1. When the stretch 13-40 is examined, which residues are found to be of a type in the set (A, V, I, L, M), under 23 Å from residue 135 (Cα atoms) and over 18 Å from the mean Cα position of the chain (by Cα)?
2. State all residues of the stretch 176-190 that are open to solvent by less than 10 Å² (accessible area, probe 1.4 Å) and either more than 15 Å from residue 127 (Cβ to Cβ) or not assigned by the TED database to the domain that holds residue 218 (or both); if no residue qualifies, say none.
3. Being out of contact with any helix residue (DSSP H, G or I) (no Cβ under 9 Å at 6 or more places or on another chain) and under 13 Å from residue 87 (Cβ atoms) is the filter; apply it to the stretch 53-73 and report the residue that is most open to solvent (accessible area, probe 1.4 Å).
4. Can you tell me which residue among 331, 326, 299 is open to solvent by less than 20 Å² (accessible area, probe 1.4 Å), within 26 Å of the chain's Cα centre (by Cα) and not basic (Lys, Arg)?
5. Considering each residue of the stretch 321-340, count those that are in contact (Cβ under 8 Å) with a residue 40 or more places away in the chain and assigned to a strand (DSSP E or B), and give that number.
6. Can you tell me which residues in the stretch 105-122 are at pLDDT 95 or above, part of a helix (DSSP H, G or I) and crowded, with 19+ Cβ neighbours inside 10 Å?
7. From 196, 290, 255, 278, grab the single residue that is among the aliphatic types (A, V, I, L, M) and in contact with a Lys or Arg (Cβ under 9 Å, 6 or more places away or on another chain).
8. From 234, 183, grab the single residue that is within 22 Å of residue 44 (Cβ to Cβ) and either out of contact with any Gly (no Cβ under 8 Å at 6 or more places or on another chain) or assigned to a helix (DSSP H, G or I) (or both).
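The values are calculated or read from the model by the stated rules, or taken from the named source; none is laboratory data. This structure is a prediction, so every number in the text was calculated from the model and none was measured. Don't worry about glycine lacking a Cβ; one is built from the backbone with ideal geometry, like all the others, and counts go over all protein chains shown. All accessible areas refer to the heavy atoms of the entire protein, side chains included, with ligands and DNA or RNA removed. Shrake-Rupley method; radii C 1.70, N 1.55, O 1.52, S 1.80 Å.
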Amino acid sequence: MSVDLGIPSIPMKPIATRRVSRRIQVGSVPVGGDAPVSVQSMTTTVTSDVNATLQQIAELTASGCQIVRVAVPSQDDADALPIIARKSQIPVIADIHFQPKYVFAAIEAGCAAVRVNPGNIKKFDDKVGEIARAAKDHGVPIRIGVNAGSLDPRLLQKYGKATPEALVESALWECSLFEEHDFRDIKISVKHNDPVVMIKAYRLLAQQCDYPLHLGVTEAGPAFQGTIKSAVAFGSLLADGIGDTIRVSLSAPPVEEIKVGIQILESLNLRKRGLEIVSCPSCGRAQVDVYTLAEQVHAGLDGLKVPLRVAVMGCVVNGPGEAREADLGVASGNGKGQIFVKGQVIKTVPESQIVETLIEEALRLAEEMGFDVDLDDDDAPGPQVVVG
């Protein structure tokens, strides 16, 4: 017999009011204004290898990437841009360093935007007028990307190092040069490898302009360290309403960057949540193997693209409450588990049947909600796992 506990649905509200910014258009993706925060990454292939680059872009697109950046350090890379920009399913941003001639090549190639790093482009300030005219004629926005590792030498001399103030002054100076030519389709980033410096820089920048901001912790590190740094930095800023696009920079395959970025946004209710598995960390009260249960449920539902919260709990203290609050859950103890669906206890099953039952119920709920229950999509981000 089921027990109706009358649990009300809780609306998913963003954590903060978004900072007011001007809106630009990066290909098909609106950025800034009231547009949702978008997730982007960067290819790791040699851009001149068109097939490999397009293959990686396709993998990123399947994982949820909305904007992709490609490096253009050589003429061969610039020559590859027209076909890449034309065949990519998502907007392509050309990443330009050192040679201003590649900025014009990227604009002519049909790229959705161009990222320039003024600190390391030769005589960049002298080229701003030409770049502004070309970008305006083609409707191409410019991202002014200031990095701590390639700050303008003049500002390094003034501040001694890449302080938040130095990063912001660099970005706003370059913006002012574009503004002199009546060009304002600009997005700004002021990246640093230290999350504390990066947070301070973006907060300072947000107070001094209304341009959309691209968030990034540059050179964040290997997957674990980089994920922590990015989550801390992005969480702090997005919780203040600051940030319009994000890129999680990891020493890992680009698809992993997208998975982390999406889950950061979902955690802050800035994106509709997908499948989320809530599980307890286990303790002396646990009467079942919570670790194994959670991993088996995670593996069984991997690839399910449906907004469900599944709770896998191991004792009678927090278990019933957490399972009741989830869309689907189990409160385990004494070799058995109470199965909850939408706040109702629908059955009690032996421990050996918990995983099978949860997977069956999850698929049933997904079908009722009109979702495809094919779990064979290897490119789909896995479910988010939250340990209580």
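1. Listed by number, the list holds a single entry, 24.
2. 186, 187, 188, 189, 190
3. 55
4. The conditions single out 326.
5. 4
6. Those that are at pLDDT 95 or above, part of a helix (DSSP H, G or I) and crowded, with 19+ Cβ neighbours inside 10 Å: 105, 106, 107, 109.
7. 278
8. 234
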